[in-house]
Amino acid sequence: MGNFKNKTIYQIYVRSFKDSNGDGIGDIRGIIEKLNYLRRLGVDYLWLTPIFTSPQNDNGYDVADYLNVDPLFGNMADLEELIQKAGEKGIGIMLDMVFNHTSTKHEWFKRAMAGEEEFLNYYIFKGGSPDTPPTNWKSKFGGPAWAYVENLNKYYLHLFDETQADLNWGNPAVRENLKNVIRFWKQKGIKGFRFDVINLISKPEVFEMDFEGDGRRFYTDGPLVHEYIKELVRDTGIIDMVTVGEMSSTSLENCIKYSNPAEEELSMCFNFHHLKIDYKDQDKWQVIPPDIEKLKGLFEAWQIGMQKTDGWNALFWCNHDQPRIVSRLGDDKAYRVVSAKMLATSIHLMRGTPYIYQGEELGMTNAYFTDISQYQDIESHNYYKIMLSQGKSSSEALKIIGLRSRDNSRTPMQWSDEEYAGFSKNKPWISLLDNYKSINAENGLNDDNSIFAYYQKLIRLRKEKAVISEGGIEFILPNTKNLLAYRRYLGPEEIIALNNFSNKEIIIGQDFKGYKAILGNYESPLNGGQTLRAFEAVVLEKQ
Ligand code: GLC
Ligand code: CA
């Protein structure tokens, strides 16, 4: 297994990171321009969201050719230059492998549509008549999961958009082709991979109706998923690279298996349970206040569960599918800076590998769009229509979209207070946030107390202290409301992280004698951490 325990990974949503040629869309050369910034931050790997040829219906998660770069983002020479220049700075490039489905513009799908038997078998086609789909499963983007093709008199499965057709991993030719994709990029010098919704690749033998849910229980962590991952990893020789699987609605049990080194599957997993603590009945479109006690319980269950079994977590709050954490669990008005730092502290010192999503290190906020036309995301538009059809008013629907839309994290990276936030010379593909005049990278770099500077410290601490990267974890003071507290230990080394998730003072009532504060988001920690102010985080080290 590769060494990833003391590393930090930075996610780049390419189209919103930096535009080098003025078309309003971020690109590979834009990333090259910003390598020094990334080196200053101190991150070890860059995970790039898909840069492959794509009709961009789901911003590149609909791949039409896995072996080429979409001209929107540059060309192969640009990518090779990025790999090389990043490598010179000690930064590895990770690519995003979207292997559960392809775009319906992929050559394989086109040949299937032409009725070629060999390629029909690359996807999941089932017979049916125009009004009776094979099952009642729902797409994760809303609407049915089956699309009818008239001239074939068949349906194909799409767990996401209709233009994202699910691949048939039961077909060895599909698996072999996907291995060739990995081999190709590995030979280009790519250092790691993120596997998009990889726990959905194994579909059941028989397709049944789901009278309880949307069908996910039949294909999530499906029957042969572990075999398929093992085979892919073994046959492409990527066991020593950094690999992370995105696991949709998964279980701890399965994630232990995906990430336990003895299983020879992946380095680590993303799971999303901790980001559903403000969903009612697990439904993203029903908003409730976040349940912090539930959050604490989930962290504890996953951290301890993984530790006991030698599994490994990816630690993250933000990505291109999630609203900004400072707007969600912090306070992006009165306590923006402290709450952003507390949220960072709370996960960076846990057992696992931390991820930073572009702009998180600046405390970038939600989009606060006011009109549906400002949204670009296919999912937001689908659900807006669904909510209207369910009888919600447009302002009610907009309010929910405002809290939940994936576009919250997709607004252009705020580099400076120049026009278009220094992201582009021209109007960006998606609206910029008004707050870029004050929230931007230039300000972050010029202030020793910035959120950026704080992330630098967290990244450095993980490298300096084996207790963070290698130590055990134990949760403490679980009954103190709104406090997430844990102890890390390794031989005589010990650190404690105390995080106040509320805007009220917390009295801890415990004496941390013999400990010294080594990091905090207020100028000086009160009483060695006995009282925590609004959103205060304190890190104590045993002397
Ligand atoms: C993952 C991606 C998301 C994409 C979906 C379908 O969840 O993170 O952006 O829409 O998979 O590929
Ligand atoms: Ca561009």
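The values are calculated or read from the model by the stated rules, or taken from the named source; none is laboratory data. If you're wondering where the values come from, they're calculated on a predicted model, not measured in any experiment. Ideal geometry is used to build each Cβ from the backbone, glycine not excepted, and the neighbour counts take in all protein chains shown. Remember, those area values only see protein heavy atoms, side chains included, never the ligands or the DNA or RNA. Shrake-Rupley method; radii C 1.70, N 1.55, O 1.52, S 1.80 Å.
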Practice task
Return a yes/no flag: does region 64-78 have any residue that is under 21 Å from the mean Cα position of the chain (by Cα) and surrounded by fewer than 20 Cβ atoms within 10 Å (Cβ to Cβ).
Solution key: no
Handout entry: Enumerated strands (runs of 3 or more DSSP E) restricted to region 226-341, each holding at least 3 residues that are open to solvent by 10 Å² or more (accessible area, probe 1.4 Å) and not hydrophobic (A, V, I, L, M, F, W, C)
Key = 283-287
Practice task
All but one of (1) under 18 Å from Asp377 (Cα atoms); (2) more than 14 Å from ligand 2 (Cβ to nearest atom); (3) of a type in the set (Val, Ile, Thr) hold for Val43, so report the exception by its number.
Solution key: (1)
Handout entry: Test: residue in region 199-217 that is under 19 Å from Tyr66 (Cα atoms), more than 16 Å from ligand 1 (Cβ to nearest atom) and not assigned by TED's automatic domain parsing to the domain that holds Phe119
Key = no
Completion exercise
Exactly one of Gly22, Gly26 is touching a residue at least 24 places away in the same chain (Cβ under 8 Å), assigned to a loop (DSSP other than H, G, I, E, B), within 16 Å of ligand 1 (Cβ to nearest atom) and farther than 30 Å from Ala262 by Cβ, and that one is Gly26
Handout entry: Number of the condition not met by Asn100 [criteria: (1) touching an Asp or Glu at 6+ places or on another chain (Cβ under 8 Å); (2) open to solvent by less than 60 Å² (accessible area, probe 1.4 Å); (3) closer than 25 Å to Ile25 by Cα]
Key = (3)
Problem - Test result for Ala441, at negative phi and among the small types (Gly, Ala, Ser) - result: yes
Practice task
Select from region 207-225 the residues that are open to solvent by 10 Å² or more (accessible area, probe 1.4 Å), touching a strand residue (DSSP E or B) at 6+ places or on another chain (Cβ under 9 Å) and part of a loop (DSSP other than H, G, I, E, B) and list them in ascending order.
Solution key: Phe207, Gly213, Asp214
